Amino acid sequence: MENEKHEFHISIENEIFDKLEAIKEFHGIKNITEIIRFLITKEHREIKKAD
């Protein structure tokens, strides 16, 4: 079950897309999927620190 994957598709406004592109360029991330993984991991670390 560890490697089970879920897929989701979203529509976002141009402003949010542009912000994602800026994050991608700043961190040298290859694609939007990697940005999402990066941001989730970053936020999860913050939550764990608060526990």
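Couple of notes before you dig in:
- With a Förster radius of 22 Å applied to the beta-carbon distance between Ile12 and Asp51, the computed FRET efficiency rounds to 0.15.
- Most to least packed among 11-23, 39-51 [average Cβ atoms within 10 Å]: 11-23, 39-51
- Carbon and sulfur %, accessible surface of the chain computed with the full protein complex present, 1.4 Å: 53 percent
- Given the choices (i) 20, 44, 32, 5; (ii) 21, 21, 18, 16, 12, 8, 4, 0; (iii) 23, 47, 22, 7, 0, P(r) over Cα pairs in 10 Å bins from 0, in percent derived from the coordinates of this structure is entry (i).
- Pairs of lysines in the chain (C-alpha under 22 Å apart; 8 or more residues apart or interchain): 6
The values are calculated or read from the model by the stated rules, or taken from the named source; none is laboratory data. A quick note: this is a predicted structure, and the numbers were derived from the prediction, not measured. Note that we place each Cβ from the backbone using ideal geometry, even for glycine, and neighbour counts take in every protein chain shown. Remember, those area values only see protein heavy atoms, side chains included, never the ligands or the DNA or RNA. Shrake-Rupley method; radii C 1.70, N 1.55, O 1.52, S 1.80 Å.
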